[in-house]
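Visitor: After the structure tokens below, expect a handful of questions from me.
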Amino acid sequence: MEVDKKDERESESSEQVVNPWEVSAKDGGKIDYDKLIDKFGCQRLDESLIDRVQRLTSRQPHVFLRRGVFFAHRDFNEILDAYEKGDKFYLYTGRGPSSEALHLGHLIPFMFTKYLQEAFKVPLVIQLTDDEKCMWKNLSVEESQRLARENAKDIIACGFDVTKTFIFSDFDYVGGAFYKNMVKVSKCVTLNKAMGIFGFSGEDHIGKLSFPPVQAVPSFPSSFPHLFPGKDNLRCLIPCAIDQDPYFRMTRDVAPRLGYSKPALIESSFFPALQGENGKMSASDPNSAIYVTDTAKDIKNKINRYAFSGGQDSVEKHRELGANLEVDIPVKYLSFFLEDDSELEHIKKEYGEGRMLTGEVKKRLTEVLTEMVERHRRSRAAVTDEMVDAFMAVRPLPSMFE
């Protein structure tokens with residue numbers, strides 16, 4: 001049984017809290033990912049797996065793999081074993097649409113999923129959990145649906161292949177085979193188990209209790225009969241942030257009892273807030289994040305004013321002691337988004353030894369993020385309602401496994 005005493009309620013712990021709705025470290029510090037791996041029971045993503053990805057795909061691993069942004073997994077090795085033998089798989093990721101615009105942290109799973117789709121040439125399903133946000137954020141059904149379509153435009157702007165990608169909103173798609181699988185999962189999870197995994201209490205409304213099966217069943221190919229007819233044994237790989245792990249611990253526990261394969265996961269760390277690495281960005285504080293709608297002026301201002309620096313208090317002291325790279329947010333952001341490995345290492349060396357100043361590092365980060373956000377904005381502006389309809393249409397994908 002994968003779901004066991006490790007899943008005791010997070011609120012009872014004096015340590016860090018990591019679940020799909022809350023991420024906080026002990027005493028406001030950094031998330032301890034080693035402890036999280038041990039608590040959740042997943043595995044560290046090691047160099048041997050990354051080397052296998054390069055060998056099997058004949059392309060350089062994504063920067064998020066090379067630099068440990070995606071750092072943990074469940075059965076990713078089995079996915080690679082199957083792929084090496086000629087067996088395909090499909091990808092599943094998602095987005096809870098609760099805001100008009102995405103911030104850079106929201107883009108990370110989609111940037112990485114696009115790489116996986118292209119590298120392995122496999123189909124992808126993207127779930128928009130508009131029902132979840134309606135229940136957790138107290139949004140109306142209509143507003144949740146509207147935000148789902150707006151967020152779909154940002155997702156499509158990442159460059160996904162419409163011939164290999166199905167985007168669906170729960171309000172539109174749940175029913176039929178998908179709902180049958182939801183009921184099967186629901187019958188396998190007791191109330192006590194759900195409370196243990198997710199921390200639900202007697203004060204939570206029953207809609208929250210009913211939601212986990214909705215996020216679970218896209219892991220099963222039989223939930224998409226128009227995409228995978230007769231392929232009920234097709235494996236699923238889920239790229240996601242590690243706070244989503246509780247959903248899929250539950251799913252992996254239930255899957256064999258239903259005759260399905262366990263989904264595999266590849267999981268990322270959290271993209272830190274501008275103010276420091278103490279969890280993930282907060283949508284309630286616009287100055288904690290860079291949004292895809294921010295102007296070049298906004299980006300420059302946020303980085304200069306709010307990006308926590310590991311530099312010293314004076315130039316003289318900085319030249320002597322250098323920067324503390326462990327806490328420096330501009331360096332951490334460059335580690336996510338600066339493609340050139342040699343340039344990143346040069347910046348870290350020069351800055352860490354005091355020859356480069358904080359202002360220079362922030363300037364380079366401003367350039368990198370401005371270019372990235374402006375590129376995304378141009379792509380997003382080109383996404384029409386007709387394109388959204390095409391990605392969300394319930395239809396076969398003719399080139400799924402080319």
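The values are calculated or read from the model by the stated rules, or taken from the named source; none is laboratory data. On a predicted model such as this, the values are computed, not experimentally measured, just so you know. Don't worry about glycine lacking a Cβ; one is built from the backbone with ideal geometry, like all the others, and counts go over all protein chains shown.
Visitor: Looking at this structure, is residue 116 in contact with a helix residue (DSSP H, G or I) (Cβ under 8 Å, 6 or more places away or on another chain) and aliphatic (A, V, I, L, M)?
Guide: It is false that residue 116 is in contact with a helix residue (DSSP H, G or I) (Cβ under 8 Å, 6 or more places away or on another chain) and aliphatic (A, V, I, L, M).
Visitor: A further question on this structure: Determine, yes or no, whether residue 61 is more than 16 Å from residue 156 (Cα to Cα) and assigned to a loop (DSSP other than H, G, I, E, B). If you could, list the steps in order and put the result at the bottom.
Guide: Numbers: more than 16 Å from residue 156 (Cα to Cα): yes; assigned to a loop (DSSP other than H, G, I, E, B): yes.
So residue 61 fits the description; yes.
Visitor: Now for a different question. Please name all residue pairs, on different chains or six or more residues apart, with Cβ atoms under 9 Å, provided the first residue is in segment 176-202 and is in a helix (DSSP H, G or I) and the second residue is among the aliphatic types (A, V, I, L, M) and modelled with pLDDT under 90.
Guide: 193/3; 196/3; 197/3
Residue by residue, here is whether (1) under 22 Å from residue 64 (Cα atoms); (2) out of contact with any strand residue (DSSP E or B) (no Cβ under 7 Å at 6 or more places or on another chain); (3) in the same structural domain as residue 336 (by TED's automatic domain parsing) holds:
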site	(1), (2), (3)
212	no, yes, no
247	no, yes, no
251	no, yes, no
261	no, no, no
265	yes, no, no
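Visitor: State all residues of segment 102-124 that are in a strand (DSSP E or B) and modelled with pLDDT under 95; if no residue qualifies, say none.
Guide: Of segment 102-124, the ones in a strand (DSSP E or B) are 103, 124.
Across segment 102-124, the qualifying residue is only 103.
Visitor: Could we say that residue 150 is farther than 28 Å from residue 257 by Cα, surrounded by fewer than 21 Cβ atoms within 10 Å (Cβ to Cβ) and more than 24 Å from the chain's Cα centre (by Cα) here?
Guide: Working: farther than 28 Å from residue 257 by Cα: yes; surrounded by fewer than 21 Cβ atoms within 10 Å (Cβ to Cβ): yes; more than 24 Å from the chain's Cα centre (by Cα): no.
For residue 150, the condition - farther than 28 Å from residue 257 by Cα, surrounded by fewer than 21 Cβ atoms within 10 Å (Cβ to Cβ) and more than 24 Å from the chain's Cα centre (by Cα) - is not met.
Visitor: Over 23 Å from residue 336 (Cβ atoms), within 19 Å of the chain's Cα centre (by Cα) and not polar (S, T, N, Q): which single residue out of 86, 41, 105, 96 fits that description?
Guide: 41
Visitor: Okay, moving on. State whether one or more residues within segment 350-358 are hydrophobic (A, V, I, L, M, F, W, C), in contact with a helix residue (DSSP H, G or I) (Cβ under 6 Å, 6 or more places away or on another chain) and at pLDDT 95 or above. Outline the logic, then answer.
Guide: Going through segment 350-358, the residues hydrophobic (A, V, I, L, M, F, W, C) turn out to be 356-357.
After this cut, where a residue has to be in contact with a helix residue (DSSP H, G or I) (Cβ under 6 Å, 6 or more places away or on another chain) as well, the list is 356.
Now drop any that are not at pLDDT 95 or above, which leaves none.
No, segment 350-358 contains no residue that is hydrophobic (A, V, I, L, M, F, W, C), in contact with a helix residue (DSSP H, G or I) (Cβ under 6 Å, 6 or more places away or on another chain) and at pLDDT 95 or above.
Visitor: Can you pull out the residues in segment 82-101 that are assigned to a loop (DSSP other than H, G, I, E, B) and modelled with pLDDT of 90 or more? It would help to see each step written out before you state the result.
Guide: As a first pass, look at segment 82-101 and keep what is assigned to a loop (DSSP other than H, G, I, E, B): 85-88, 96-101.
Across segment 82-101, the qualifying residues are 85, 86, 87, 88, 96, 97.
Visitor: Can you pull out every residue in segment 203-248 that is of a type in the set (D, E, K, R), in a helix (DSSP H, G or I) and either in contact with a Cys (Cβ under 7 Å, 6 or more places away or on another chain) or surrounded by fewer than 21 Cβ atoms within 10 Å (Cβ to Cβ) (or both)?
Guide: First, the residues of segment 203-248 that are of a type in the set (D, E, K, R): 203-204, 208, 231-232, 235, 243, 245.
Keeping just the survivors that are in a helix (DSSP H, G or I) gives 208, 243, 245.
Within segment 203-248, 208, 245 meet the criteria.
Visitor: Hey, does segment 170-183 have a residue that's closer than 27 Å to residue 23 by Cα and among the β-branched types (Val, Ile, Thr)?
Guide: Within segment 170-183 (the criterion being closer than 27 Å to residue 23 by Cα and among the β-branched types (Val, Ile, Thr)), the answer is no, since none of the residues qualifies.
Visitor: Now for a separate question. Mind checking which residues of segment 312-369 are surrounded by fewer than 18 Cβ atoms within 10 Å (Cβ to Cβ), in contact (Cβ under 8 Å) with a residue 24 or more places away in the chain and among the acidic types (Asp, Glu)?
Guide: Scanning segment 312-369 gives 320, 339, 341, 353.
Visitor: So which residues in segment 26-38 are basic (Lys, Arg) and either out of contact with any Ser or Thr (no Cβ under 9 Å at 6 or more places or on another chain) or more than 21 Å from residue 246 (Cβ to Cβ) (or both), if there are any at all?
Guide: Within segment 26-38, the first condition is being basic (Lys, Arg), and the residues that meet it are 26, 30, 35.
Correct list: 30, 35.
Visitor: Among (1) without any contact (Cβ under 8 Å) to a residue 24 or more places away in the chain; (2) under 27 Å from residue 41 (Cα atoms); (3) assigned to a helix (DSSP H, G or I); (4) not charged (D, E, K, R), there is one condition residue 254 misses while meeting the rest; what is its number?
Guide: (1)
Visitor: Where in segment 294-402 are there helices (runs of 4 or more DSSP H), lying fully within it, with 1 or more residues that are within 26 Å of residue 101 (Cβ to Cβ), hydroxyl-bearing (Ser, Thr, Tyr) and under 26 Å from the mean Cα position of the chain (by Cα)? Before the answer, list the steps.
Guide: Values: elements: 296-306, 315-321, 329-337, 341-352, 358-381, 385-392.
Fully inside segment 294-402 and qualifying: 296-306, 329-337, 358-381.
Visitor: Moving on to the next point. Within segment 134-144, which residues are surrounded by fewer than 22 Cβ atoms within 10 Å (Cβ to Cβ) and either assigned to a helix (DSSP H, G or I) or among the polar types (S, T, N, Q) (or both)? Reasoning before the result, please.
Guide: Just the residues of segment 134-144 that are surrounded by fewer than 22 Cβ atoms within 10 Å (Cβ to Cβ), to begin with: 135-143.
135, 136, 138, 140, 141, 142, 143 - these are the residues of segment 134-144 that are surrounded by fewer than 22 Cβ atoms within 10 Å (Cβ to Cβ) and either assigned to a helix (DSSP H, G or I) or among the polar types (S, T, N, Q) (or both).
Table: residues versus (1) in contact with a helix residue (DSSP H, G or I) (Cβ under 9 Å, 6 or more places away or on another chain); (2) farther than 27 Å from residue 222 by Cβ; (3) surrounded by 15 or more Cβ atoms within 10 Å (Cβ to Cβ); (4) outside the structural domain of residue 126 (by TED's automatic domain parsing).
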position	(1), (2), (3), (4)
23	yes, yes, yes, no
39	yes, yes, yes, no
46	no, yes, no, no
50	yes, yes, yes, no
53	yes, yes, yes, no
67	yes, yes, yes, no
72	yes, yes, yes, no
82	no, no, yes, no
86	no, no, no, no
